[in-house]
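The values are calculated or read from the model by the stated rules, or taken from the named source; none is laboratory data. Here the structure is a predicted model, which means the values were calculated and not measured. Every residue, glycine among them, receives a Cβ derived from its backbone with ideal geometry; neighbour counts consider all protein chains shown.
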Amino acid sequence: MISFRQRYRQELLALSFLWPSLVILVALLVYPLAEVIRLSFYDSNLMTETWAGLANYRRLSGDPLFWQAFWQTVLFTFFSVAFHLVIGLALALLLNMRINSLFQSLARGMLIVPWLLAPTVAGMIWVLMLAPFGVINGMLNGLGLIDAGTTISWLGDPSTALGSVTAMNVWRAFPFFMVMLLAGLQAVPRELYEAAEIDGASLARQFWHITLPQLRGVITTIVLLDSIWTFRAFDPVFVMTGGGPAHASEVLPTVIYFDGFQKLDFGYASAQAVVMFVVLFVVSAFYMRRSMSTAG
């Protein structure tokens with residue numbers, strides 16, 4: 001029987017091992033977050049800080065560029081995550097079929113390559129591909145989909161810039177969904193499909209009534225995680241378009257970067273970052289709640 005004093009000493013010993021991690025956590029996470037929140041109430045640059053109260057937030061509420069970037073971030077996130085799910089699920093279903101194991105391993109290794117590239121590297125590759133005389137226009141010319149000698153400025157046209165960045169982001173990150181969903185598919189008992197076949201269920205009904213319900217937990221988790229990652233993505237837009245042309249591909253991270261590090265308007269950039277943090281915090285809280293309910 002452990003006495004109260006012994007248990008108290010054990011808890012103190014455990015806390016003594018935790019304090020270095022807590023110090024690092026406070027230094028790298030809590031303090032920067034508190035500093036950003038504090039700066040959002042100041043008119044701040046490199047030289048001076050002046051108390052501004054809620055002026056930055058009032059300015060933000062009436063800033064058309066901020067709201068344009070906000071909704072473009074939502075669109076960028078929605079279409080990226082949607083195509084990640086559709087493409088990842090389709091490829092996971094193909095790789096889960098009873099095919100040659102060597103071919104399956106080779107296909108899986110090749111399809112995962114985009115995920116291995118850094119966002120900056122992937123963005124530069126797509127900049128070269130989408131250039132007026134790049135591979136994409138060459139393929140369209142070769143297929144006769146555009147007139148010979150005609151080129152499309154994918155990244156220079158406001159109507160196609162955000163879609164082009166989204167396409168690159170879909171290509172780079174779909175392997176994450178494919179790998180996670182493939183793992184989920186391989187965990188589904190084969191007996192469920194065999195029983196459905198005996199009952200005469202079609203492949204479509206098996207997918208709807210067996211596959212999707214079995215993957216619901218995996219899908220919810222990866223969709224929420226990918227939404228968080230994509231909403232705060234900075235590298236693809238900055239490398240490919242810098243938010244242009246005419247702010248047509250501007251997203252919240254690039255707006256915050258330019259206001260904070262180009263215009264040196266740290267107070268206003270901090271207010272934008274706080275709004276972005278609140279949105280991500282709500283999504284993260286939903287994810288944590290989902291994770292705890294699944295574990296329970």
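List of remarks:
- Breaking point among (1) more than 15 Å from GLY88 (Cα to Cα); (2) assigned to a helix (DSSP H, G or I); (3) modelled with pLDDT of 90 or more, for LEU155: (2)
- Each residue in the stretch 194-219 was checked for being part of a helix (DSSP H, G or I) and out of contact with any helix residue (DSSP H, G or I) (no Cβ under 6 Å at 6 or more places or on another chain), and 16 pass.
- Reported count of residues in the stretch 129-151, each being under 23 Å from the mean Cα position of the chain (by Cα) and in a helix (DSSP H, G or I), is 1.
- Options VAL239, VAL251, VAL279; residue that is buried (at least 22 other Cβ atoms within 10 Å of the Cβ) and at pLDDT 90 or above: VAL251
- Of the residues making up the stretch 177-219, those that are under 23 Å from THR230 (Cβ atoms) and either surrounded by 17 or more Cβ atoms within 10 Å (Cβ to Cβ) or hydrophobic (A, V, I, L, M, F, W, C) (or both) number 12.
- Exclusive hit being among the aromatic types (Phe, Trp, Tyr) and modelled with pLDDT of 90 or more, set PHE133, PHE174, PHE103: PHE174
- Within the stretch 131-142, residues that are loosely packed, with under 15 Cβ neighbours inside 10 Å sit with their Cβ atoms under 7 Å from residues that are modelled with pLDDT of 85 or more and in a loop (DSSP other than H, G, I, E, B), at 6+ positions apart or across chains, in these pairs: PRO132/SER153.
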